[in-house]
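Student: Shown below is the structure under consideration.
Bear in mind these aren't lab numbers, they're just calculated from the coordinates by the rules spelled out. Predicted model only: the values in this text are computed from it and were never measured. Cβ placement follows ideal geometry from the backbone for every residue including glycine, while neighbour counts extend to all protein chains displayed.
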Amino acid sequence: MSRRPPSRARLRDLLAFWQGRLGLRDWELEAAVGRAPDLGGGRSPRLGQVRIAAGKRRARILVLHPRDVPPECLVRQDPEVSLVHELVEILLDPLTDNLPPALETAKEQAVEALSQALVALRRSPPPESPAAGPQLAQGAPAGPAPARPPRSRGEARQGPRKPQGSEA
């Protein structure tokens, strides 16, 4: 695990990418690396934090400095996942304000799972790549196409039509 934080330029690039991807272009967003005291401190600091001013469509995101991640932390600290997590929090904020503790925990678990999946998808090879494995077309069934029943005598011919008056 790297103990170096992402550069300001890297964090800015990640923010611009995910802000667009998640449909938050109309928000004024800022992201920075923060130290443990800035993110709640204590024995287990958060990996990220967002302060949202929803009425103004503004938010400030802090991503925990890698040096402040406690050694007993079971989650690998990934600044991109932390950033995406906080952006998803912005999206869900109107729906999840003042949740009871049990639902807050469930929401956090869902947001983390979504964030991890989104970042993993961005990092995975494109579908055209042989490394991506076999791909199915959207809505296509697995396996060979079913055989077509023979046409009846009265059924219209399917396929390209010849223009009227053409001899070919």
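Student: Run through all the Cα pairs of region 8-123 and give the fraction in each 5 Å bin from 0, expressed as whole percent.
Tutor: Binned Cα distances yield the sequence 2, 11, 22, 25, 23, 13, 4, 0.
Student: Excluding residue 28 itself, calculate the net charge of residues whose Cβ lies under 10 Å from the Cβ of residue 28, where each Lys or Arg counts +1 and each Asp or Glu counts -1.
Tutor: +2
Student: Among DSSP bridges having both ends in region 8-123, what percentage is antiparallel? Round to the nearest 5. Don't jump to the answer; show the numbers that get you there.
Tutor: Values: 6 of 13 bridges.
Here the share of antiparallel DSSP bridges comes out near 45 percent.
Student: Residue separation times 0.36 nm, minus the C-alpha to C-alpha distance between residue 102 and residue 117: what's the value?
Tutor: Extra length available between residue 102 and residue 117 comes to 3.1 nm.
Student: Tell me, what HN-Hα J-couplings in whole Hz come from the Karplus equation 6.51 cos²θ - 1.76 cosθ + 1.60 at θ = phi - 60° for each residue of region 86-95, using x for Gly and Pro?
Tutor: 5, 5, 5, 4, 4, 4, 8, 3, x, 8
Student: For a quick check of your reading of the filter: which GluC sites (Glu not before Pro) in region 51-128 sit in a DSSP loop and have no more than 14 other Cβ atoms within 10 Å? Please list the in-between numbers first.
Tutor: Working: sites: 72, 80, 86, 89, 104, 108, 112, 128; in loops: 72, 128.
Within region 51-128, the qualifying GluC sites (Glu not before Pro) (loop, at most 14 other Cβ atoms within 10 Å) are 72, 128.
Student: While we're here: What is the magnitude of the charge dipole of region 45-101 about its Cα centre, with +1 placed on the Cβ of each Lys and Arg, -1 on the Cβ of each Asp and Glu, and no other charges, expressed in debye to the nearest 20?
Tutor: Here the size comes out at about 300 debye.
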